[in-house]
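Quick notes on the structure that follows.
The values are calculated or read from the model by the stated rules, or taken from the named source; none is laboratory data. Bear in mind that the values here come from a model prediction, so they are computed numbers and not experimental data. Using ideal geometry, Cβ is built from the backbone for each residue, glycine included, and neighbour counts are taken over all protein chains shown.
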Amino acid sequence: MIEFQLQTLLEARHVVVFTGAGVSAESGIPTFRDALTGLWSRFDPAALATPEAFRKDPALVWGWYEWRRSKVLAASPNAAHLAIAELARRVPKLTVITQNVDDLHERAGSRDVIHLHGSLHAPRCFACTRPYAGSLDPLNEPEEGRSLEPPRCHRCNGKIRPGVVWFGESLPAQAWREAMAAAEDCDLLLSIGTSGLVQPAAQIPRMARARGATVVHVNLQPESVEGDNEFSLVGRAAEILPGLLGGGEKKYCE
């Protein structure tokens, strides 16, 4: 049986940590594909995550994203987020690339996180695209299902939209360039809590493996692996990642 030696982690020159919704889910944040509850169950999440939806009903879309942001504000980084931040102190170079739109990596202590799908905390103008210069309501817990009028741009008076990547939109160019460069430079990539279905982000582990990096998948379900430099660790990220840091001579098997 192929075994992933912890020494591979500790001896890595450049580690890339690539995270998906499964990491934030362990902090209680619903994943995008989870069925909506309560009043929001009347809506298809995919139907709310488009420019067309915002044009049609900006208050509905803004209200839903503010409800999502309230869930993030009420959540705390979990043991996986904290372990990733600690790992950065133990290896020469670590790059965090995330598909998540929350700030839990940053709140756990990770720096210079590459957000491929944007952030709930970085809204911008729908008309002129400038970052929103005002402050957002702290939103302890907005009423679920409530429409909220978005604020206005201080420059052009356009409506402010969530700072996330919607269906039909391209990834932020700079973030994508940085992510590709890190994937092609690393010698170890940890892919954690991601389905591997969302394109083009799903290409990141494949890029790393094509350049000869060891790729380790951490997920609740086993991943199919190819060759002797790809591994699948099955379990909760909040348990496996702290174990990797404190596992001594322990070996994890696919």
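Does ALA202 qualify as being in contact with a Gly (Cβ under 7 Å, 6 or more places away or on another chain), free of Cβ contacts under 8 Å to residues at least 24 places away in the same chain and within 27 Å of ALA12 (Cα to Cα)?
yes
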Only one of (1) out of contact with any Asp or Glu (no Cβ under 8 Å at 6 or more places or on another chain); (2) modelled with pLDDT under 95 is not met by VAL72, so which one is it? (1)
Condition set touching a strand residue (DSSP E or B) at 6+ places or on another chain (Cβ under 9 Å) and either outside any loop (DSSP other than H, G, I, E, B) or within 13 Å of SER27 (Cβ to Cβ) (or both), scope the stretch 75-90, selection modelled with the lowest pLDDT: answer is LEU87
From ARG161, ARG107, which residue is more than 27 Å from ALA46 (Cβ to Cβ) and either loosely packed, with under 12 Cβ neighbours inside 10 Å or within 22 Å of the chain's Cα centre (by Cα) (or both)? ARG107
Log entry, pairs with first residue in the stretch 60-79 being in the same structural domain as PRO151 (by TED's automatic domain parsing), second being assigned to a helix (DSSP H, G or I) and at pLDDT below 90, beta carbons closer than 6 Å, six or more apart or on different chains, reads VAL61/LEU48; TRP64/LEU48
Please specify each residue of the stretch 197-212 satisfying the condition of being assigned to a loop (DSSP other than H, G, I, E, B) and under 15 Å from VAL16 (Cβ atoms). ALA201, ALA202, ARG211, GLY212
Can you find even one residue in the stretch 181-199 that is within 30 Å of ALA122 (Cα to Cα), without any contact (Cβ under 8 Å) to a residue 60 or more places away in the chain, touching a Leu at 6+ places or on another chain (Cβ under 9 Å) and outside the structural domain of CYS128 (by TED's automatic domain parsing)? no
Can you say whether GLU249 is at pLDDT below 95, part of a loop (DSSP other than H, G, I, E, B), of a type in the set (D, E, K, R) and buried (at least 18 other Cβ atoms within 10 Å of the Cβ), as far as the supplied structure shows? no
For the stretch 215-236, does any single residue satisfy the condition of being in contact with a strand residue (DSSP E or B) (Cβ under 9 Å, 6 or more places away or on another chain), under 30 Å from LEU148 (Cβ atoms) and touching a residue at least 12 places away in the same chain (Cβ under 8 Å)? no
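How many residues are modelled with pLDDT of 80 or more and surrounded by 15 or more Cβ atoms within 10 Å (Cβ to Cβ) when one looks only at the stretch 1-26?
15
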I'd like to know if the stretch 213-231 contains one or more residues that are assigned to a loop (DSSP other than H, G, I, E, B) and at pLDDT 95 or above. yes
Regarding the stretch 218-227, can at least one residue be identified that is farther than 26 Å from TRP64 by Cβ, in contact with an Asp or Glu (Cβ under 9 Å, 6 or more places away or on another chain) and of a type in the set (A, V, I, L, M, F, W, C)? yes
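From the list SER135, SER119, exactly one residue is touching a residue at least 12 places away in the same chain (Cβ under 8 Å) and of a type in the set (Gly, Ala, Ser). Which is it?
Going through SER135, SER119 in turn, the sole match is SER119.
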